[in-house]
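The values are calculated or read from the model by the stated rules, or taken from the named source; none is laboratory data. The model shown is predicted, which means the values in this text are computed figures rather than measured ones. We place every Cβ from the backbone using ideal geometry, glycine too, and count neighbours over all the protein chains shown.
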Amino acid sequence: MAGAFDNRHKNFLAVLKSHGTIVSASTQIGVSANYLSQLKGGKRIGHVMARRIEHGFDLAPGWLDLDHSKTLSASLSEHELTEQALALPIKARTRLLKKLANSLP
């Protein structure tokens, strides 16, 4: 069983991938790109920074601490996926739509 620090790092890397560059993510969170780079490299993410990251990325408080490995790999039906997408905060939905639009040929 992974601890909160391990979960935070894995989840942070996964979320960071979906937010483009470290610079854009750092602007969204309100920290320096250098600091995010250190976190990406393995520096431990403390409680306060975890909450700040969650807030900046419109994630639920405590989301980074949880093990999402099983839920992230599970297949969802189109209906379930749509329900989850609609439950996202508006900023997250906007980012999702932009990513989908950019992925179209």
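Does VAL48 satisfy the criteria of being surrounded by 15 or more Cβ atoms within 10 Å (Cβ to Cβ) and either in contact (Cβ under 8 Å) with a residue 12 or more places away in the chain or out of contact with any strand residue (DSSP E or B) (no Cβ under 6 Å at 6 or more places or on another chain) (or both)?
Values: surrounded by 15 or more Cβ atoms within 10 Å (Cβ to Cβ): no; either in contact (Cβ under 8 Å) with a residue 12 or more places away in the chain or out of contact with any strand residue (DSSP E or B) (no Cβ under 6 Å at 6 or more places or on another chain) (or both): yes.
Spelling it out, it is not the case that VAL48 is surrounded by 15 or more Cβ atoms within 10 Å (Cβ to Cβ) and either in contact (Cβ under 8 Å) with a residue 12 or more places away in the chain or out of contact with any strand residue (DSSP E or B) (no Cβ under 6 Å at 6 or more places or on another chain) (or both).
What tally of residues in region 51-65 results from selecting those that are of a type in the set (A, V, I, L, M) and more than 13 Å from ALA14 (Cβ to Cβ)? Even if it seems obvious, please write down each step before you answer.
The initial filter retains those residues of region 51-65 that are of a type in the set (A, V, I, L, M), namely 53, 59-60, 64.
If we keep only those that are more than 13 Å from ALA14 (Cβ to Cβ) as well, we get 60.
The number of residues fulfilling the criteria is 1.
Considering only residues of region 60-71 that are part of a loop (DSSP other than H, G, I, E, B) and either of a type in the set (Gly, Ala, Ser) or in contact with a strand residue (DSSP E or B) (Cβ under 8 Å, 6 or more places away or on another chain) (or both), which is modelled with the highest pLDDT?
Restricting attention to region 60-71, the residues satisfying the condition of being part of a loop (DSSP other than H, G, I, E, B) are 60-62, 66-68.
Filter again for either of a type in the set (Gly, Ala, Ser) or in contact with a strand residue (DSSP E or B) (Cβ under 8 Å, 6 or more places away or on another chain) (or both), leaving 60, 62.
On the way: ALA60: 87, GLY62: 91.
That would be GLY62.
Table: residues versus (1) assigned to a helix (DSSP H, G or I); (2) touching a residue at least 12 places away in the same chain (Cβ under 8 Å).
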residue	(1), (2)
GLY20	no, no
SER24	yes, no
GLN28	yes, yes
LEU39	yes, yes
ASP58	no, yes
GLU83	yes, no
LEU97	yes, no
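Do we have any residue at all in region 2-17 that's assigned to a loop (DSSP other than H, G, I, E, B), outside the structural domain of ARG95 (by TED's automatic domain parsing), modelled with pLDDT under 95 and within 20 Å of LYS98 (Cβ to Cβ)? Working first, answer last.
The first filter runs over region 2-17 and keeps only residues assigned to a loop (DSSP other than H, G, I, E, B), leaving 2-3.
Imposing the further condition that a residue be outside the structural domain of ARG95 (by TED's automatic domain parsing) reduces the set to 2-3.
From the residues that got through so far, the ones that are modelled with pLDDT under 95 too are 2-3.
Subset that is within 20 Å of LYS98 (Cβ to Cβ): none.
No, there is no match, as no residue in region 2-17 is assigned to a loop (DSSP other than H, G, I, E, B), outside the structural domain of ARG95 (by TED's automatic domain parsing), modelled with pLDDT under 95 and within 20 Å of LYS98 (Cβ to Cβ).
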